[in-house]
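The values are calculated or read from the model by the stated rules, or taken from the named source; none is laboratory data. This structure is a prediction, so every number in the text was calculated from the model and none was measured.
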């Protein structure tokens, strides 16, 4: 690909399963265009899957979280007696949710998470 920067690094994490040593390979593709990254990652995954002996080939692009940038008007926040940390915690709880309590059923505890609608 024109303009692509390719870098290879040795990865030292190894798992021992049934006496055999398994090593994993991670390919990182970086860019700003999510549609293009999705297309490229699928192409790379298909190429890697075609290599004999490979297994559990997957792409992690879908695992990302959308990002929202909020700029706090510090003067207005101060008027209401709010700090940036309080605002950040409230926004995080609204988006990601926060555990309000735990519900116990059949000896198992389940988190009760409260968050806003999409």
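Summary of values
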read-out	value
Unmet criterion (only one of (1) closer than 30 Å to residue 33 by Cα; (2) outside the structural domain of residue 32 (by TED's automatic domain parsing); (3) not in a helix (DSSP H, G or I)) for residue 93	(3)
Residues within the stretch 37-67 that are at pLDDT 85 or above and outside any loop (DSSP other than H, G, I, E, B), tallied	13
Qualifying positions in the stretch 12-36 - closer than 20 Å to residue 46 by Cα and at pLDDT below 80	23, 24, 25
